[in-house]
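Chemist: This is the structure I have questions about; it appears just below.
FYI, it's all coordinate maths here, none of it is from the lab. It should be emphasised that the depicted structure is a prediction, and the values quoted were computed from it without experimental measurement. Positions of Cβ are backbone-derived with ideal geometry, glycine not excepted, and every protein chain shown enters the neighbour counts.
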Amino acid sequence: MVEKTDSGSLWPSLYDPFRAFTSRLAEWLSPASEASGNDDAYEISIELPGVSEDDIELTVENGIVTVRGEKKTEVERKGDTWYFSERQYGAFRRSFRLPEDAEGDKAEARMKDGVLHITVPRKSREAVEQAKKIAIQRG
């Protein structure tokens, strides 16, 4: 006997392999990254081996750094008695919310050895304290 689930689907397990596959695909397409900060700036590094700078779009909007791009990798090798070909394609997107004291409009990026390095300067402590003060008028 086949039981219905809460959503009314007769065979929920029929789609589970596809859901698991898309989840693993999204993880594969999402590049490894790390973020850190010091007194002067925030640093974000994203591993993008084989991805051209021309295939990367970097934006800063409303305090969020977003990196979009597409992986396009093709490997082809031939021998006397063998042939190997592998192709990997897929779009990726990573977003990072910046802290309040980050100056997103002054962000800079550079690509080195397949790693995208993004530097976002921090506002001075005085600038942050001034930005938070609001004078209250009487009357």
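Chemist: With +1 on each Lys and Arg Cβ and -1 on each Asp and Glu Cβ, how big is the dipole of segment 22-139 about its Cα centre, in debye rounded to the nearest 20? Show your work: numbers first, answer last.
Modeler: Numbers: 19 positive and 24 negative charges, 93 e Å.
So the magnitude is around 440 debye.
Chemist: Relative contact order, percent, of segment 47-88 when contacts are C-alpha pairs under 8 Å separated by at least 6 residues?
Modeler: Values: 47 pairs, mean separation 12.3, N = 42.
Over segment 47-88, the number comes to 29 percent.
Chemist: Can you run the Rg to Rh ratio on segment 33-132? Use alpha carbon positions and the Kirkwood inverse-distance Rh. Spell out each step's value before the answer.
Modeler: Details: Rg = 18.4 Å, Rh = 15.6 Å.
Reported Rg/Rh (Cα atoms, Kirkwood Rh): 1.18.
Chemist: Output wanted: per-residue J couplings in Hz (rounded whole) for segment 107-114, from phi through Karplus 6.51 cos²θ - 1.76 cosθ + 1.60, θ = phi - 60°, x for Gly and Pro.
Modeler: 5, 10, 9, 8, 10, 8, 6, x
Chemist: Between segment 45-60 and segment 97-114, what's the alpha-carbon centroid distance in Å?
Modeler: Each part reduced to its Cα centre gives a spacing of 13 Å.
Chemist: Taking the dipole about the Cα centre of segment 33-132, with the C-beta of Lys and Arg at +1 and of Asp and Glu at -1, give me whichever of Thr73, Val60, Pro49 is farthest to the positive side.
Modeler: Thr73
Chemist: If I take R0 = 22 Å and measure r between the Cβ atoms of Val75 and Val115 in this structure, what FRET efficiency does the formula 1/(1 + (r/R0)^6) give, to the nearest 0.05?
Modeler: Values: r = 20 Å, r/R0 = 0.92.
It comes to 0.60.
Chemist: Past 27 Å, Cα to Cα, is the threshold; run Lys71/Lys123; Lys72/Lys112; Lys72/Lys106 against it and keep the listed order.
Modeler: On the way: Lys71/Lys123 34 Å; Lys72/Lys112 18 Å; Lys72/Lys106 30 Å.
Those over the limit are Lys71/Lys123; Lys72/Lys106.
Chemist: Let me ask something else about it. Along the charge dipole of segment 84-139, pointing to its positive end and built from +1/-1 on Cβ of Lys, Arg, Asp and Glu, which listed residue (Met111, Phe92, Gly139) has its Cα farthest out?
Modeler: The Cα lying farthest towards the positive end belongs to Gly139.
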